Amino acid sequence: MKIIQVTGRSNSGKTTFIKTLIPQLNKKGRVAVIKHLADHEYILEKGKDTTLFFAAGADISTGIDGDKSVVAIRNNSLDTILKLLKALGMDYVVIEGFKERNFKKIVIGDLQIEGCILRDPAVEDVVSSVDQFDTYN
């Protein structure tokens with residue numbers, strides 16, 4: 001499973017870049033995205049059963065409709081989530097944020113950081129150099 005980490009300052013275009021990258025990676029395999037929420041908490045929708053189950057103490061609360069599944073996991077460890085995604089058979093995991101982690105990085109904008117292998121690349125550059133990124137075992 002390849003880890004493609006995308007970092008940059010707030011409002012630098014990371015999300016827009018990742019939205020463009022996902023369809024191209026999908027042509028090569030299964031793709032997951034992890035977003036570091038940093039200092040803003042994700043709020044589960046009030047009053048929904050899955051939220052109530054999670055609030056009651058469930059370690060995992062899942063909702064499934066005709067199109068997708070939504071999962072809330074009482075664990076905020078990046079390593080745990082990476083292990084889960086590997087077990088689910090993902091070929092590529094795009095990580096937005098987690099600057100402190102020691103993965104090879106794409107940097108969007110002027111952020112100076114160790115591990116940068118591509119800066120402000122075209123999506124095609126990422127796809128053609130995907131082998132340069134870290135493999136998660």
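The values are calculated or read from the model by the stated rules, or taken from the named source; none is laboratory data. It should be emphasised that the depicted structure is a prediction, and the values quoted were computed from it without experimental measurement. In this analysis, Cβ positions are derived from the backbone assuming ideal geometry, glycine residues included, and neighbour counts consider all displayed protein chains.
Structure summary
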{"item": "From Val70, Val31, residue being surrounded by 14 or more Cβ atoms within 10 Å (Cβ to Cβ) and either more than 17 Å from the chain's Cα centre (by Cα) or among the aliphatic types (A, V, I, L, M) (or both)", "result": "Val31"}
{"item": "From the options Gly66, Gly109, residue that is of a type outside the set (A, V, I, L, M) and without any contact (Cβ under 8 Å) to a residue 12 or more places away in the chain", "result": "Gly66"}
{"item": "Within segment 117-137, considering residues that are touching a residue at least 24 places away in the same chain (Cβ under 8 Å) and part of a strand (DSSP E or B), the one nearest to Glu100 (Cα to Cα)", "result": "Asp134"}
{"item": "Qualifying residues in segment 1-42 (those that are aliphatic (A, V, I, L, M) and in a loop (DSSP other than H, G, I, E, B)) - the one farthest from Arg101 (Cα to Cα)", "result": "Met1"}
{"item": "Some residue of segment 43-61 being of a type in the set (Ser, Thr, Tyr) and surrounded by fewer than 15 Cβ atoms within 10 Å (Cβ to Cβ)", "result": "no"}
{"item": "Unique residue being touching a residue at least 60 places away in the same chain (Cβ under 8 Å), in a helix (DSSP H, G or I) and farther than 19 Å from Val127 by Cβ when the list is Lys86, Lys99", "result": "Lys86"}
{"item": "Enumeration of residues in segment 15-47 that are at pLDDT below 95 and among the hydrophobic types (A, V, I, L, M, F, W, C)", "result": "Leu37, Ala38, Ile43, Leu44"}
